[in-house]
Amino acid sequence: GTRSFRDFFDDFPDFPSTGGYRWLPMEPDMRSGGAPPQKPVPLVRVAALTPVVAFLGRSGAPVGRLLAAARLPGRVLDRPASLIPLAQAARLMEAAAESTGRENLGLLAGGETSIDARGLFGRFVGRAGTLHEAIDTAARALPSLSSGSRVWLASDGKRVRLCHKLVYGSICAA
């Protein structure tokens, strides 16, 4: 049958016993002033930042200083498949936009980046035969790049909007 954690001690008799202590649930009891449960931390792959960092480098921006401002080590770019907190990626984007005076930094960097440079994600999207298929593919593949971001199309009959939801809110553009 199903075993519990307590059964662990039956398998290892030499392991120190609980000494008669009562087993308590892992979740804090909010009635007694315990801390609330932790919320999940949204993550993003370092590869999502590569086009922006490359654009910054070509523009002569102080990439090392911007990474440090976002509390990211310079070597983080050596491992594009690594995951970092989405908040740190957002800090980097904000610091870079402020430093360069370009609020549309992501658009500029994306415009100079080929779809193939986006790795496996880009290859999937690049295979699409239509714009709708490309957006649909990107929407389905985006969770492999970021756990804190979603994209979808919304239609009101006359217009179609591309929507992007972050953990912090939503942005929809016609």
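Which pairs have Cβ atoms under 6 Å, sit 6 or more apart or on different chains, and link a residue in segment 37-50 that is free of Cβ contacts under 8 Å to residues at least 60 places away in the same chain and open to solvent by 70 Å² or more (accessible area, probe 1.4 Å) to one that is not polar (S, T, N, Q) and not in a loop (DSSP other than H, G, I, E, B)?
VAL41/PRO85
Does ALA96 meet the test of being touching a residue at least 24 places away in the same chain (Cβ under 8 Å), in a helix (DSSP H, G or I) and more than 21 Å from PRO143 (Cβ to Cβ)?
Working: touching a residue at least 24 places away in the same chain (Cβ under 8 Å): yes; in a helix (DSSP H, G or I): yes; more than 21 Å from PRO143 (Cβ to Cβ): yes.
So ALA96 passes the test.
Filter segment 51-62 down to residues that are assigned to a helix (DSSP H, G or I) and either open to solvent by 20 Å² or more (accessible area, probe 1.4 Å) or of a type in the set (A, V, I, L, M, F, W, C) (or both), then give me how many there are. I'd like the intermediate steps shown before the answer.
So in segment 51-62, the residues assigned to a helix (DSSP H, G or I) come out as 51-59.
Keeping just the survivors that are either open to solvent by 20 Å² or more (accessible area, probe 1.4 Å) or of a type in the set (A, V, I, L, M, F, W, C) (or both) gives 52-59.
Count: 8.
Being among the aliphatic types (A, V, I, L, M), closer than 29 Å to SER59 by Cα, at pLDDT below 90 and surrounded by 13 or more Cβ atoms within 10 Å (Cβ to Cβ) narrows it down to one residue among LEU92, LEU145, LEU108, LEU83; which is it?
Values: LEU92 fails: at pLDDT below 90; LEU108 fails: at pLDDT below 90; LEU83 fails: at pLDDT below 90.
Of LEU92, LEU145, LEU108, LEU83, the one residue that is among the aliphatic types (A, V, I, L, M), closer than 29 Å to SER59 by Cα, at pLDDT below 90 and surrounded by 13 or more Cβ atoms within 10 Å (Cβ to Cβ) is LEU145.
The values are calculated or read from the model by the stated rules, or taken from the named source; none is laboratory data. All values reported here derive from a predicted model rather than from experimental measurement. Backbone-built Cβ (ideal geometry, glycine too); neighbour counts: all protein chains shown. With ligands, DNA and RNA removed, areas are computed over all heavy atoms of the protein, side chains included. Shrake-Rupley method; radii C 1.70, N 1.55, O 1.52, S 1.80 Å.
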